[in-house]
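Scroll down for the structure; my scribbles are underneath it.
Here, each number is a calculation from the coordinates, and none is a lab measurement. Computed from a predicted model, the values in this text were never measured in an experiment. Cβ atoms come from the backbone with ideal geometry, glycine included; neighbour counts cover every protein chain shown.
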Amino acid sequence: MSKLKLTATTWSNWLKCWQTLKTKLTLMLALVGVFCTMTAFTNPNVKDNSHLLDRETSKLIMAKNDRYLQTSEQPRIIVQTVNRVNHLTPKKLSKYKHTVFIVVGSKDQKRNVQIYTSKDLHGGFTADIRGSIIRAQSDRLRSNNRQKFNQGLRFVFRACATTIDQQYQYSLDKYDLSAEERAQITHPHRLALPIALALVVVLGGLALFFKNNLHSKNK
C-alpha cells in the first residue's frame with residue numbers, strides 16, 4: 001500500500017510539474033513570437049519607421065521576397081518609410097546587389113516616394129521606368145488616406161517585382177502586374193494620343209493662319 005501511495009504521489013507531482021512546464025513553455029513561445037513580430041529579424045525587407053504600411057502591404061512584401069529566396073539570384077525588394085521627404089537615398093546603396101529599395105518619405109502631410117536600385121539592376125530600372133511607375137500611382141501615393149496610399153504602394157511594389165522577374169526571366173506569378181496594369185506604366189504610349197491631338201491643333205492653326213494670309217494678299 002505504501003508503494004502504491006508513493007507511486008500515486010509521484011505521478012501526481014509529475015503531472016503538476018508537466019502542467020507548470022507546459023504553461024511556461026507556452027508563455028515563452030508566445031513571448032518569442034511577439035518579439036520576432038516586433039523586430040526586423042523576421043522581416044528585414046520592411047522598415048516602417050513612419051507606420052504607414054497596412055497588413056496587406058506587409059504580407060505582400062514578405063510573400064514575394066520569400067519566393068525570391070528560392071531563386072539562385074535571390075533578389076530583394078526592401079520597403080522603408082522615413083520621417084522626412086528629402087535625402088531618401090539608402091545608406092551604403094553601392095554595396096548592395098540584386099536589391100530594389102522603395103523609400104517613402106513622410107512629413108507634415110507630405111509624401112515623397114522614390115525607387116532606388118543596386119547597380120546590377122540599373123538596366124531594368126532606368127530613370128524613365130522608375131518615374132513611370134511612380135507617376136502611374138501619383139494620386140494614391142500623395143493621398144493622406146492610409147488605405148488609398150497603401151493601394152498605390154502595393155502597385156509600385158508589384159511593378160518593381162514584375163520588372164525584376166522580367167529581367168531575370170522568372171515566371172510571372174500572382175504578385176506581378178497583369179498585362180492591363182503594365183499598360184498603365186508605359187508612359188510613351190499614354191502620351192501618344194495627347195501629343196497627336198496637340199499636333200493636329202497646331203497644324204490646323206498653321207493652316208488657317210497661312211490661308212488667311214494668302215487670302216489677304218490676294219485682295
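Between residue 48 and 81, the built amide H atoms are under 5 Å apart, and every one of these is 5 or more places off in sequence or on another chain. Using only Cα atoms, locate the centre of region 163-180 and the centre of region 70-116, then give the distance between them in Å, rounded to an integer. Going from one Cα centre to the other spans 20 Å.
Listed values for region 78-88 are Karplus-derived 3J(HN,Hα) couplings in whole Hz (6.51 cos²θ - 1.76 cosθ + 1.60, θ = phi - 60°), namely 9, 10, 9, 10, 9, 8, 6, 10, 10, 6, 8, and x replaces Gly and Pro. List residues of region 117-136, by number, whose backbone nitrogen lies under 17 Å from a label position 7 Å along Cα→C-beta of residue 181. Within reach of a label on residue 181, which here means backbone N under 17 Å from a point 7 Å along Cα→Cβ, region 117-136 contributes 130, 132-136.
Once backbone amide H atoms are built at 1.01 Å from N, residue 117 has 101 as its partners under 5 Å, excluding neighbours fewer than 5 places away on the same chain. Treating r as the C-beta distance of residue 108 and residue 87 and R0 as 25 Å, the FRET efficiency rounds to 0.95.
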